[in-house]
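I have placed the structure first, in the form of structure tokens, so that the comments after it can refer back to it.
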Amino acid sequence: MFFDELRAFLPGKRAATLTGLTARETEIVERIARGLDNNEIAAQLGLSEKTVRNHITHIFDKLGVQTRAQAIVLARDAGVGPQSRLS
């Protein structure tokens, strides 16, 4: 299925959970998983867009991902964000 294909492009070091993220980083990952862009996340959290981008860089490093899509797959695997019934 589609989600299996998405999972297949994740790096070898998969993060089973979002442990290791700060509370703020977790808030940002939750919003990324819901499909919000950086401007929307910044507005909701009262941050500048640059601060959100910096957090996302740290989140990607901690999760071992390179793209927003990879981060979304990990977040959804961890139960964050809208869950699909199509797996």
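Taking interchain pairs and intrachain pairs at least six residues apart, which have beta carbon atoms under 7 angstrom, with the first residue in the stretch 25-50 and in contact (Cβ under 8 Å) with a residue 24 or more places away in the chain and acidic (Asp, Glu) and the second surrounded by 14 or more Cβ atoms within 10 Å (Cβ to Cβ) and part of a helix (DSSP H, G or I)?
Matching pairs, first to second residue: Glu25/His55; Glu25/His58; Glu25/Ile59.
In this structure, is Arg34 in contact with a Gly (Cβ under 6 Å, 6 or more places away or on another chain) and modelled with pLDDT under 95?
Taking the combined requirement at face value, the residue satisfies it.
Could you say which residue among Ala42, Ala15 is modelled with pLDDT of 90 or more and either within 15 Å of the chain's Cα centre (by Cα) or surrounded by 14 or more Cβ atoms within 10 Å (Cβ to Cβ) (or both)?
The unique qualifying residue is Ala42.
If you take the residues in the stretch 50-61 that are of a type in the set (D, E, K, R) and within 16 Å of the chain's Cα centre (by Cα), which one is surrounded by the fewest Cβ atoms within 10 Å (Cβ to Cβ)? So that I can check it myself, show each step before the final result.
Let us first name the residues in the stretch 50-61 that are of a type in the set (D, E, K, R), namely 50, 53, 61.
Subset that is within 16 Å of the chain's Cα centre (by Cα): 53, 61.
Details: Arg53: 13, Asp61: 10.
It comes out as Asp61.
Got a number for residues in the stretch 59-74 being basic (Lys, Arg) and under 13 Å from Leu18 (Cβ atoms)?
Count: 1.
Filter the stretch 57-69 down to residues that are under 13 Å from Gly35 (Cα atoms) and not charged (D, E, K, R), then give me how many there are.
Of the residues in that region, 1 qualify.
Hey, among the residues in the stretch 28-39 that are surrounded by fewer than 18 Cβ atoms within 10 Å (Cβ to Cβ) and charged (D, E, K, R), which one's nearest to Leu18 (Cα to Cα)?
Here the residue is Glu30.
The values are calculated or read from the model by the stated rules, or taken from the named source; none is laboratory data. Just so it is clear, the model here is predicted, and its values are computed rather than measured. A quick note on method: Cβ atoms are made from the backbone with ideal geometry, for glycine too, and the neighbour counts reach across all protein chains shown.
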